[in-house]
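Student: This is the structure I have questions about; it appears just below.
The values are calculated or read from the model by the stated rules, or taken from the named source; none is laboratory data. Values in this document were obtained by computation on a predicted structure and should not be read as measured data. No Cβ is skipped: glycine too gets one built from the backbone with ideal geometry, and neighbour counts run over all protein chains shown.
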Amino acid sequence: MPKLTYFGHAAFLLEDGNTKIVIDPFLTGNPVASVNPNQVQADYVLLTHGHGDHLGDGLTIAKRNNATIVAPYELAMYCQSQGANVHPMHIGGGHTFPFGRVKLTIAHHGSAAEIDGKLVYMGNPCGYLVTVGGKTVYHAGDTGLFLDMQLIGEMNEIDVALLPIGDNFTMGIDDAVKAVEFLKPKLAVPMQTFEVIDADPNEFARKVEEKGFKARVLDFGESMEF
């Protein structure tokens, strides 16, 4: 049975058997991070885009563990130039890895990293459909609401949907609730946030359940099997 652990912000650890998949590991400098990046073990690191609060400690974790970074092509090539093992992908593409299957979805956002005081373009942002142990997790990345979420829900049986709720840079709570209606996951989990994008995950959960869907708020550091 797969296991999901919430590290804070948009960072998660997905485990199935001996395989450990880290998604958007922004830990250093994250005021709500539940783990030290030096303690994180990973076989794969999935990055949705190049912003510092998602690329985060991805390179450090990947190189220390000899893990493979999976990312949209431009971001993957940047990570390769920094000495990481990479598997580049792009929007709409899928690939079967030893642990299961990964497919990239669109995400309406930006993607750039601040390097030496300058913004460096990192291609398109993305979301991920990750299938492990016969279960599918949808990590939306940073995104606004988009109608094609309905298509994602029609074409995939989503067990867990991880959705931003912070507003300002991404969907707010009401848009994220509409995303649940489109995606029809078995369980919706909000990605809690901080500072300007602080939002109440319990309000999200309540509104999701009012629509007839299930939601669960994960505390920082909390794990669940699904």
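Student: Among residues belonging to segment 39-53 that are in contact (Cβ under 8 Å) with a residue 24 or more places away in the chain and over 19 Å from MET191 (Cα atoms), point out the one that is surrounded by the fewest Cβ atoms within 10 Å (Cβ to Cβ). Quick ask: steps written out before the conclusion?
Tutor: Narrowing segment 39-53 to residues in contact (Cβ under 8 Å) with a residue 24 or more places away in the chain: 40-53.
When the remaining residues are screened for being over 19 Å from MET191 (Cα atoms), the result is 40-44.
Numbers: VAL40: 21, GLN41: 12, ALA42: 24, ASP43: 18, TYR44: 23.
Across segment 39-53, the extreme among qualifying residues is GLN41.
Student: Tell me which residues, restricted to segment 54-85, are farther than 19 Å from PRO37 by Cα and surrounded by fewer than 24 Cβ atoms within 10 Å (Cβ to Cβ).
Tutor: TYR73, GLU74, ALA76, MET77, TYR78, GLN80, SER81
Student: Looking at segment 97-110, which of the residues that are within 18 Å of the chain's Cα centre (by Cα) and either modelled with pLDDT under 95 or under 21 Å from ALA42 (Cβ atoms) (or both) is surrounded by the fewest Cβ atoms within 10 Å (Cβ to Cβ)?
Tutor: Ranking the qualifying residues of segment 97-110, first place goes to ARG101.
Student: Taking segment 173-197 only, how many residues are in a loop (DSSP other than H, G, I, E, B), farther than 16 Å from TYR6 by Cα and in contact with a helix residue (DSSP H, G or I) (Cβ under 9 Å, 6 or more places away or on another chain)?
Tutor: The total comes to 2.
Student: Determine which single condition VAL177 fails, assuming it passes every other condition in (1) touching a Lys or Arg at 6+ places or on another chain (Cβ under 6 Å); (2) within 20 Å of ILE23 (Cα to Cα).
Tutor: (2)
Student: Answer yes or no as to whether ILE69 is under 17 Å from ARG101 (Cα atoms) and not basic (Lys, Arg). Before the answer, list the steps.
Tutor: On the way: under 17 Å from ARG101 (Cα atoms): yes; not basic (Lys, Arg): yes.
It is true that ILE69 is under 17 Å from ARG101 (Cα atoms) and not basic (Lys, Arg).
Student: Is there any pair with a first residue in segment 152-181 that is farther than 15 Å from LYS103 by Cβ and a second that is surrounded by 21 or more Cβ atoms within 10 Å (Cβ to Cβ) and of a type in the set (Asp, Glu) whose Cβ atoms are under 7 Å apart and which are 6 or more apart or on different chains, and what are they?
Tutor: PRO164/ASP142; PHE169/ASP142; THR170/ASP142
Student: Here is a follow-up. Counting residues that are surrounded by 13 or more Cβ atoms within 10 Å (Cβ to Cβ), of a type outside the set (Lys, Arg) and in contact with a Lys or Arg (Cβ under 8 Å, 6 or more places away or on another chain), which strands (runs of 3 or more DSSP E) fully inside segment 113-162 reach at least 3? Quick ask: steps written out before the conclusion?
Tutor: Details: elements: 118-121, 127-132, 135-139.
In segment 113-162, 127-132 are the strands (runs of 3 or more DSSP E) which contain 3 or more residues that are surrounded by 13 or more Cβ atoms within 10 Å (Cβ to Cβ), of a type outside the set (Lys, Arg) and in contact with a Lys or Arg (Cβ under 8 Å, 6 or more places away or on another chain).
Student: Moving to a separate point now. Which residues, counting only those in segment 35-58, are over 16 Å from the mean Cα position of the chain (by Cα) and either of a type in the set (S, T, N, Q) or within 22 Å of LEU119 (Cα to Cα) (or both)?
Tutor: Result: ASN36, ASN38, GLN39, GLN41.
Student: Run down ALA76, ALA71 and say which single residue is at pLDDT 95 or above, closer than 27 Å to ASP116 by Cβ and in contact with a helix residue (DSSP H, G or I) (Cβ under 9 Å, 6 or more places away or on another chain).
Tutor: ALA71
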